1. Just to confirm a number: summing +1 for Lys and Arg and -1 for Asp and Glu over residues other than ALA186 whose beta-carbon lies under 13 angstrom from that of ALA186, what do you get?
2. Could you state, as a whole-number percent, how many of the C-alpha pairs of region 34-105 are farther apart than 17 Å?
3. Mind sorting HIS90, HIS183, HIS104 by how few other Cβ atoms lie within 10 Å of their own Cβ, fewest first?
4. Report, in deg cm²/dmol and to the nearest 500, the calculated mean residue ellipticity at 222 nm for the chain, where each DSSP H run with n ≥ 4 adds -39500 (n - 2.57) and the sum is divided by the residue count.
5. Taking the beta-carbon count within 10 Å as an exposure proxy, list PHE189, PHE14, PHE178 from fewest neighbours to most.
6. How many Å³ per residue does the convex hull of the Cα positions in region 138-199 occupy?
7. What does the charge count near ALA68 come to, summing +1 for each Lys or Arg and -1 for each Asp or Glu among other residues with Cβ under 15 Å from its Cβ?
8. Can you find, among SER169, SER152, THR43, the residue farthest towards the positive end of the dipole of the chain? Put +1 on the C-beta of Lys and Arg, -1 on that of Asp and Glu.
Amino acid sequence: MRIQVLIIHGGSAFDSYEAYLTALTEKEITLDRIRTQGGWKNTLQARLGEDYEVLQPRMPNGQNAKYAEWKIWFEKILPLLDDEVILVGHSLGGIFLAKYLSEHEIEKRIAGAFLVAAPFNTLTIHPVADFNLTTDLSGLARQCEKIFLYQSEDDTSVPFSNLASYTQSLPDATVRVFEDRGHFLAEDFPELIKDITTL
């Protein structure tokens, strides 16, 4: 049986519809932004090999995400997962997993949770609307055999200071700090692959 790796992608969240419309108006569009993007999420299956099954559901309305909508969708996915599933959350997907697993017990054993460039309630710097963590992260720590945190010092989307909040809340997590990975949008992410395969 192949080991399942579920990736929850990133997105944007706003406190109001007006803020969302403002962000759409101000967002710069270039050819590079609208070309088909590669990135490590799209190459992870090939890099992990046939012993793994990488699952990448599209969460609802990634450009103006609502936690309640993502929660409904995630709960439809949960019954499809095997025990010892590996969960990977990038950006907003990372705080989503942290919030959901801190607030809800699931019936599956989680081999590892990998939070990549995840924001942590820094509303004045990086508003994440209703994705805010409202409980401590002991539920996340209790349900995951291993937790890995990845953050780059030059990330312009999620300030590096967010990592300190996670490490304080999850003192037993394995932390990987980088200087030049930005928001982790590159084609390769060998450290993630190594960490997944050594579980």
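1. -3
2. Of all Cα-Cα distances in region 34-105, 51 percent exceed 17 Å.
3. HIS104, HIS183, HIS90
4. Calculated at 222 nm, the ellipticity per residue is -9500 deg cm²/dmol.
5. PHE178, PHE14, PHE189
6. So the per-residue hull volume is 90 Å³.
7. Once all neighbours under 15 Å are counted, the net charge is -1.
8. Value computed over the given set: THR43.
Any read-out appearing in this document is the output of simple, stated calculations on the displayed coordinates, not a laboratory observation. Keep in mind that this is a model prediction, so the values were computed, not measured. Ideal geometry is used to build each Cβ from the backbone, glycine not excepted, and the neighbour counts take in all protein chains shown.
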